[in-house]
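Enquirer: My questions all concern the structure below.
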Amino acid sequence: MVHSPAETVEEYLDGLPEARREAISAVRRVILENLPEGIVETMNWGMISYEVPLEVFPDTYNKRPLQYAALASQKRHMAVYLTPVYSDPETGEWFRKRYSESGCRMDMGKSCVRFRKLDDLPLELIGEAVARMDLEQFLNRYREVKG
């Protein structure tokens, strides 16, 4: 996994080749338009991260903010990471079904959806997935999973 040394989102985007910058920026817009209230955009883990600030929820397993979603340009692909799709089996099943219906070829790990160009990604579905779980639902799911 490629980790960027960028300290700001703007610095991260400026460091990308033009085609990747345009694709990542388009996905970023969709995420920001659908991001639940209380989740913030930052740079963390070497990528654009959407997370629950420690001031809101400090009781994490690693003492770092809980990541809700992320966006990254990797060596051979770009990726959007969707923690609710990974952490909630019902949401994961819904997402995979809707993705297969989109006509786009799915290349997915546990939480990451890899894409090489913007046309490979169903942006509307990404927005729906980001908006599907509000902050309280996300924190409740985290508590359930962590016991």
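Read-outs throughout are calculated quantities, based only on the coordinates presented, and are distinct from any laboratory measurement. All values derive from a computational prediction rather than experimental measurement. Positions of Cβ are backbone-derived with ideal geometry, glycine not excepted, and every protein chain shown enters the neighbour counts.
Enquirer: Within the stretch 24-88, list the trypsin sites (Lys or Arg not before Pro) lying in a DSSP loop whose Cβ has at most 12 other Cβ atoms in a 10 Å radius.
Expert: Lys63, Lys75, Arg76
Enquirer: Please order Asp107, Asp59 by the number of other Cβ within 10 Å, starting at the fewest.
Expert: Arranged by neighbour count, lowest to highest, Asp107, Asp59 become Asp59, Asp107.
Enquirer: Express the relative contact order of the stretch 9-142 as a whole percentage, based on alpha carbon pairs under 8 Å and six or more residues apart in sequence. Don't jump to the answer; show the numbers that get you there.
Expert: Values: 181 pairs, mean separation 33.2, N = 134.
With pairs under 8 Å counted, the relative contact order is 25 percent.
Enquirer: With +1 on each Lys and Arg Cβ and -1 on each Asp and Glu Cβ, how big is the dipole of the stretch 9-142 about its Cα centre, in debye rounded to the nearest 20?
Expert: 700
Enquirer: Could you tell me which trypsin sites (Lys or Arg not before Pro) in the stretch 83-115 are loop residues by DSSP with no more than 13 other beta carbons within 10 angstrom of their beta carbon?
Expert: Here the sparse-neighbourhood loop sites are Arg105, Lys110.
Enquirer: Note the full-extension length gain between Glu41 and Asp134 as 0.36 nm times their separation in residues minus their Cα-Cα distance, in nm to one decimal.
Expert: Contour length minus Cα-Cα distance gives 32.0 nm.
Enquirer: If I build a Gaussian network model for the chain, linking alpha-carbon pairs within less than 10 angstrom, which residue out of Val56, Val113, Val27 has the largest mean-square fluctuation?
Expert: Residue with maximal mean-square fluctuation among Val56, Val113, Val27: Val56.
Enquirer: At a Förster radius of 22 Å, what calculated FRET efficiency corresponds to the Cβ-Cβ distance of Val56 and Thr8, to the nearest 0.05?
Expert: Taking R0 as 22 Å, the efficiency between Val56 and Thr8 is 0.55.
Enquirer: Report the local net charge at Ala131: Lys and Arg +1, Asp and Glu -1, summed over other residues whose C-beta lies under 12 Å from its C-beta.
Expert: -4
Enquirer: For Glu124 and Glu93, what is the calculated FRET efficiency with R₀ set at 22 Å and r taken between the beta-carbons, to the nearest 0.05? Walk me through the numbers before you get to the answer.
Expert: Values: r = 18 Å, r/R0 = 0.84.
Efficiency for this residue pair is about 0.75.
Enquirer: For the chain, what does -39500 (n - 2.57) per DSSP helix run (n ≥ 4), summed and divided by total residues, give at 222 nm, in deg cm²/dmol to the nearest 500?
Expert: Estimated from H runs of four or more residues: -13000 deg cm²/dmol.
Enquirer: Take the chain, mark every one of the GluC sites (Glu not before Pro) that falls in a DSSP loop and has at most 11 other Cβ within 10 Å, then report the longest stretch left between them, sites excluded. Don't skip to the answer; put the middle values down first.
Expert: Working: sites that count: Glu7, Glu37, Glu55.
Here the longest segment lacking exposed loop sites spans 56-147.
Enquirer: For the residue pair Glu22 and Arg116, what label-to-label distance in nm results when each label sits 7 Å from Cα along the Cα-to-beta-carbon direction?
Expert: Computed distance between label sites Glu22 and Arg116 equals 1.8 nm.
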